[in-house]
1. Given Ala250, Ala300, which one is aliphatic (A, V, I, L, M), buried (at least 18 other Cβ atoms within 10 Å of the Cβ) and within 30 Å of Ala74 (Cα to Cα)?
2. For region 332-358, how many residues are touching a helix residue (DSSP H, G or I) at 6+ places or on another chain (Cβ under 7 Å), closer than 15 Å to Tyr409 by Cα and not basic (Lys, Arg)?
3. Which one is farthest from Pro216 (Cα to Cα) among residues in region 246-266 that are in contact (Cβ under 8 Å) with a residue 12 or more places away in the chain and not in a helix (DSSP H, G or I)?
4. Working carefully through the options Ala236, Ala174, find the one that is within 16 Å of the ligand (Cβ to nearest atom) and surrounded by fewer than 23 Cβ atoms within 10 Å (Cβ to Cβ).
5. Among the residues of region 226-246, are any small (Gly, Ala, Ser) and under 18 Å from Phe288 (Cα atoms)?
6. Across region 448-466, which residue is surrounded by the fewest Cβ atoms within 10 Å (Cβ to Cβ) among those that are at pLDDT 95 or above and farther than 13 Å from Ile386 by Cα?
7. Can you tell me which condition Pro114 does not meet? The list is (1) more than 16 Å from the ligand (Cβ to nearest atom); (2) of a type outside the set (S, T, N, Q); (3) in a helix (DSSP H, G or I), and all the others hold.
8. I need a count of the residues in region 362-405 that are more than 13 Å from the ligand (Cβ to nearest atom) and within 20 Å of Ile168 (Cβ to Cβ).
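The values are calculated or read from the model by the stated rules, or taken from the named source; none is laboratory data. Since we're looking at a predicted model, the values are computed, not measured. We place every Cβ from the backbone using ideal geometry, glycine too, and count neighbours over all the protein chains shown.
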Amino acid sequence: MKFAQVKAFPENFLWGASTSAYQVEGGWDADGKGLSIMDKGNHSTKNSDFKVASDHYHRYKEDVALLAEMGLKAYRFSLAWTRILPDGRGAVNQKGIEFYSNLINELLTYNIEPIVTMYHFDLPYALHQEGGWANRATIDAFVDYARVLFTHFGDRVKYWLTINEQNIMILHGAALGLFSEQGKKELYQQNHHMLVAQAKVMELCHTMCSQAKIGPAPNISSVYPAACKPEDYMAAQNWSAIRNWLYLDAAVFGRYNSLVWSYFTEKGYTPAILEGDMEILENAKPDFIAFNYYATATVAGSKNSTVSDRKADQQVAKDEEGVYYTEANPYVSKTEFGWSIDPAGFRNTLRELQDRYRLPLLVTENGLGAYDKLEPGDVVNDEYRIEFLRQHIEQARLAITDGVNLIGYCPWSAIDLVSTHSGVSKRYGFIYVNRDEFDLKDLRRIKKKSFYWYQKLIANHGTDLSGR
Ligand code: BGP
């Protein structure tokens with residue numbers, strides 16, 4: 001739809017940026033921190049030194065000062081479960097509480113709203129050894145962990161995110177390095193346990209922190225039919241239900257998506273649901289939906305023999321016989337890493353979410369991974385990132401004009417960090433961190449061109465996207 005008048009961003013719009021604990025903090029075993037599955041991993045970043053990551057654990061003051069200089073209104077970060085409960089449950093590590101308490105206070109000093117993810121891929125290894133999410137006891141461990149968080153930080157944190165990208169952990173766990181060798185039936189059982197845990201934690205948040213808001217944080221994207229064939233459209237509905245709606249229908253409506261349930265039944269994936277579970281799901285009410293958006297997907301209803309199987313990662317799906325077949329989208333470009341670049345798809349995704357759930361929406365990740373170059377004189381000319389973000393912000397504004405209740409935008413990532421897949425060299429940040437895969441150099445912080453661009457954009461509240 002074309003509008004003669006484009007609406008402005010809402011007054012209290014949360015202009016932010018994101019990170020996650022295991023990717024940015026380092027200090028992997030500092031001050032009593034326990035080990036997570038990411039420390040033990042299986043995970044591709046073992047090809048680089050992620051024990052130090054961006055050393056944010058030791059440099060958070062300098063980092064927060066830079067975020068403040070950029071003008072951020074919000075900072076979305078995750079807490080390392082194992083910094084707080086080294087064994088996943090039981091004894092609380094006071095040093096961990098202290099670190100996050102200091103970080104939150106530092107942000108508040110600059111009037112930066114903390115948006116806190118409780119769990120971002122880094123399950124405590126001790127819980128993994130007891131079966132991880134396959135074990136129902138992990139539900140209680142998560143609820144107990146949440147209680148500790150609400151007790152210590154609930155007075156200052158107003159925005160909580162439960163689980164980052166639960167859908168990607170289930171669908172592409174191996175790509176994330178999550179020890180996901182299990183079959184789909186077991187994965188969907190784990191998924192059910194996460195859904196119950198999330199619901200319990202949302203309720204607990206409302207009981208313990210009456211001022212706070214809480215929501216899920218999956219990765220959501222529109223799915224296109226490869227052609228206007230009815231069977232392709234149906235395949236797009238299939239993949240969208242399996243990839244997107246399963247997770248949000250459960251979080252928002254407290255029920256399983258009916259199409260996905262039929263798919264489970266057909267495939268033999270139905271999870272065991274104990275008495276009371278569905279009631280727990282129904283009673284929990286998120287205050288908003290946070291979601292990560294990188295790329296749209298395109299699928300067909302039958303296999304196109306000219307499309308060879310793509311290498312799957314968290315944004316590129318594998319075919320599923322008789323359900324959907326992935327196709328290339330000739331109408332969008334791609335990043336160096338093969339992810340589609342689809343700013344209009346961002347608007348489509350926002351519109352779908354608005355229409356389906358009618359809840360405030362918060363974008364918690366969106367960004368461009370690239371091989372940035374540090375040039376002489378400490379310059380990083382990341383024009384391509386500026387262009388990517390500019391186009392997405394423009395579409396966000398159009399989505400607001402469409403009637404979407406968008407409350408914030410937190411691109412990935414605030415500062416360079418270790419990529420889930422591709423080590424340090426795939427960079428996303430507004431701030432360059434001077435290190436290579438194994439050579440930690442001096443880890444100094446350098447403001448990229450995109451830093452200054454975003455700074456200006458925030459200052460003019462997104463009215464002028466050129467960054468002038
Ligand atoms: C999302 C994760 C982030 C981040 C991002 C970019 O799936 O929530 O943690 O890693 O993807 O992915 P990558 O680092 O693989 O490029």
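1. Ala250
2. 3
3. Asn257
4. Step by step, each of Ala236, Ala174 is checked, and only Ala174 is within 16 Å of the ligand (Cβ to nearest atom) and surrounded by fewer than 23 Cβ atoms within 10 Å (Cβ to Cβ).
5. No, the conditions are met nowhere in region 226-246.
6. Only one residue fits best here, namely Asn460.
7. (3)
8. Of the residues in that region, 2 qualify.
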